[in-house]
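Engineer: I have a structure here, written as structure tokens, and I will follow up with some questions on it.
The values are calculated or read from the model by the stated rules, or taken from the named source; none is laboratory data. Owing to the predicted nature of the structure, the values given are computational and were not obtained by experimental measurement. Every residue, glycine as well, gets a Cβ built from its backbone with ideal geometry; the counts of neighbours run over all protein chains shown.
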Amino acid sequence: MYRISRVLETSSVAILKLAGQVTDLDLNGWSEFLTELEAEAGRWIVLDFCDVSRVDRKPAEMLIGNLPKHALLLNCPTGVKNMADSAGLRDRVLEPAGGQGDAHHKCFLASSNWNSPLPGGVL
């Protein structure tokens, strides 16, 4: 069982904090959540996994396979991060600016692209 809280909302970004465990038993609700994310076009959506203790394989695959273009992942479990990397979505995984990795994978929020308009959306 998992919980989603909106911790910040502006006209250009919304940060959603996930907590708990996203298991195979939660697939229907998880699918609905991902559909709702797609409908929130026009601003960045940051999914913060800081309080998630577990993400099963099927929900992780569903997330990566259906990740909207305006969604970014923060503090995600290693398995989800690896799936994103394998799917060519590594630039959608936020890393702390002082974190490990090469300069290419620094925090997306610090890049000059942050202020670029989203396709079909308003910034």
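Engineer: Anything in the stretch 82-97 that is within 11 Å of I64 (Cβ to Cβ) and surrounded by fewer than 13 Cβ atoms within 10 Å (Cβ to Cβ)? List them, or say none.
Structural biologist: Those that are within 11 Å of I64 (Cβ to Cβ) and surrounded by fewer than 13 Cβ atoms within 10 Å (Cβ to Cβ): S86, G88.
Engineer: Let me ask you something else. How many residues are crowded, with 17+ Cβ neighbours inside 10 Å and assigned to a strand (DSSP E or B) when one looks only at the stretch 2-40?
Structural biologist: Total satisfying the criteria: 7.
Engineer: Collect the residues in the stretch 41-65 that are modelled with pLDDT under 95 and in contact with an Asp or Glu (Cβ under 9 Å, 6 or more places away or on another chain), keeping them in residue-number order.
Structural biologist: R43
Engineer: Criterion first (closer than 16 Å to R6 by Cβ and buried (at least 20 other Cβ atoms within 10 Å of the Cβ)) does L67 satisfy it?
Structural biologist: Details: closer than 16 Å to R6 by Cβ: no; buried (at least 20 other Cβ atoms within 10 Å of the Cβ): yes.
Judged against the criteria, L67 is not a match.
Engineer: Within the bounds of the stretch 41-62, is there any residue that is of a type in the set (K, R) and under 21 Å from S5 (Cβ atoms)?
Structural biologist: Let us first name the residues in the stretch 41-62 that are of a type in the set (K, R), namely 43, 54, 57-58.
Subsequent filtering for residues that are under 21 Å from S5 (Cβ atoms) retains 43, 54.
Within the stretch 41-62, one or more residues are of a type in the set (K, R) and under 21 Å from S5 (Cβ atoms).
Engineer: P59 versus (1) touching a strand residue (DSSP E or B) at 6+ places or on another chain (Cβ under 7 Å); (2) loosely packed, with under 14 Cβ neighbours inside 10 Å; (3) in a helix (DSSP H, G or I): which is the lone unmet condition?
Structural biologist: Result: P59 passes all but (2).
Engineer: Give the number of residues within the stretch 37-70 that are within 17 Å of S86 (Cα to Cα) and in contact with a Leu (Cβ under 7 Å, 6 or more places away or on another chain).
Structural biologist: The number of residues fulfilling the criteria is 8.
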